[in-house]
Amino acid sequence: MNTGTLLVATPSVMGDVNFHRAVVLLVNHKDSGSIGFIINKKIEYTLDEVMDGVQSKQPLYFGGPVEPDNLFYIHTLGNQISNSIPITESLYWNGDFEQVIQLMDAGKLNPDHIRFFLGYSGWSEGQLEAELEDKSWEPFSVKSPLELIKMPTEQMWQECMATLGGSYLLWSNAPDNPSFN
């Protein structure tokens, strides 16, 4: 499994409140475990509401249930932000947050190039592989990192399901809770 891959939660994880209809960007995958961010679950807070000294009203996303009080981010700014960790050739995570603040304050940071998360999704050694084998997740790829960050989140899961096709096509049009149908 490569970093930069999207993991789309299948209907089999419907009972899990954290991952129900989640689309996760895999940012780190090693034998010892994996890390990702749920990219389609916007929360009601903005960056300025959770970070002292930050003026930006950037939206925040629920990245996952691990360390939900910590801020993480993905971006396309590469070496403009020192200590960024590469995910793909043109997509990175974290880095020097002071530089992010400076770029935002100077109006040089386009909101389409960065997404902020509270918490992350984590898997221990072998856990993600087992969940993939159980079909709890389907791998999915996008054309470019910028497309990923700009993608509207409201229908992201449904669009991924429709693109996966087959038996997932039916789920793309199902209500959030099929028992309400």
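Where a number appears in this text, it was derived from the coordinates with a stated rule and is not lab data. Please read these numbers as outputs of a predicted model, since none were measured by experiment. Virtual Cβ from ideal backbone geometry, glycine too; neighbours counted across all protein chains shown.
Within the range 87-106, restricting attention to residues that are in contact (Cβ under 8 Å) with a residue 40 or more places away in the chain and over 16 Å from LEU47 (Cα atoms), which residue is surrounded by the fewest Cβ atoms within 10 Å (Cβ to Cβ)?
To start, the set of residues in the range 87-106 that are in contact (Cβ under 8 Å) with a residue 40 or more places away in the chain comprises 87-88, 90-91, 93, 101, 104-105.
Checking the rest, the ones that are also over 16 Å from LEU47 (Cα atoms) come to 87-88, 90-91, 93.
Values: ILE87: 23, THR88: 16, SER90: 14, LEU91: 24, TRP93: 22.
By that ranking, first place goes to SER90.
Going by the conditions given, is THR3 among the hydroxyl-bearing types (Ser, Thr, Tyr) and more than 19 Å from SER167 (Cα to Cα)?
Working: among the hydroxyl-bearing types (Ser, Thr, Tyr): yes; more than 19 Å from SER167 (Cα to Cα): yes.
So THR3 passes the test.
With on the phi < 0 side of the Ramachandran plot and of a type in the set (D, E, K, R) as the only criterion, which of LYS135, LYS108 stands out?
Details: LYS135 fails: on the phi < 0 side of the Ramachandran plot.
Answer to the selection: LYS108.
Have a look at LEU109, LEU146, LEU164 and point out the one that is out of contact with any Pro (no Cβ under 7 Å at 6 or more places or on another chain), touching a residue at least 24 places away in the same chain (Cβ under 8 Å) and over 26 Å from LEU77 (Cα atoms). Quick ask: steps written out before the conclusion?
Values: LEU109 fails: over 26 Å from LEU77 (Cα atoms); LEU146 fails: over 26 Å from LEU77 (Cα atoms).
Only one candidate qualifies: LEU164.
In the set ASN18, ASN2, ASN40, which member is among the polar types (S, T, N, Q), in contact with a strand residue (DSSP E or B) (Cβ under 9 Å, 6 or more places away or on another chain), part of a loop (DSSP other than H, G, I, E, B) and crowded, with 20+ Cβ neighbours inside 10 Å? I'd like the intermediate steps shown before the answer.
Working: ASN18 fails: crowded, with 20+ Cβ neighbours inside 10 Å; ASN2 fails: crowded, with 20+ Cβ neighbours inside 10 Å.
Going through ASN18, ASN2, ASN40 in turn, just one is among the polar types (S, T, N, Q), in contact with a strand residue (DSSP E or B) (Cβ under 9 Å, 6 or more places away or on another chain), part of a loop (DSSP other than H, G, I, E, B) and crowded, with 20+ Cβ neighbours inside 10 Å: ASN40.
Can you name every residue in the range 127-173 that is surrounded by 13 or more Cβ atoms within 10 Å (Cβ to Cβ), out of contact with any strand residue (DSSP E or B) (no Cβ under 8 Å at 6 or more places or on another chain) and among the small types (Gly, Ala, Ser)?
SER144, ALA162, SER172
Would the range 54-77 turn up any residue that is free of Cβ contacts under 8 Å to residues at least 40 places away in the same chain and in contact with a Phe, Trp or Tyr (Cβ under 8 Å, 6 or more places away or on another chain)?
Filtering the range 54-77 for residues free of Cβ contacts under 8 Å to residues at least 40 places away in the same chain gives 57, 77.
Still in the list and also in contact with a Phe, Trp or Tyr (Cβ under 8 Å, 6 or more places away or on another chain): 77.
Yes: the range 54-77 contains one or more residues that are free of Cβ contacts under 8 Å to residues at least 40 places away in the same chain and in contact with a Phe, Trp or Tyr (Cβ under 8 Å, 6 or more places away or on another chain).
Inside the range 21-37, can you point out the residues that are of a type in the set (Asp, Glu) and either crowded, with 18+ Cβ neighbours inside 10 Å or touching a Pro at 6+ places or on another chain (Cβ under 7 Å) (or both)? Don't jump to the end; show me each part of the working.
Filtering the range 21-37 for residues of a type in the set (Asp, Glu) gives 31.
Those that are of a type in the set (Asp, Glu) and either crowded, with 18+ Cβ neighbours inside 10 Å or touching a Pro at 6+ places or on another chain (Cβ under 7 Å) (or both): none in the range 21-37.
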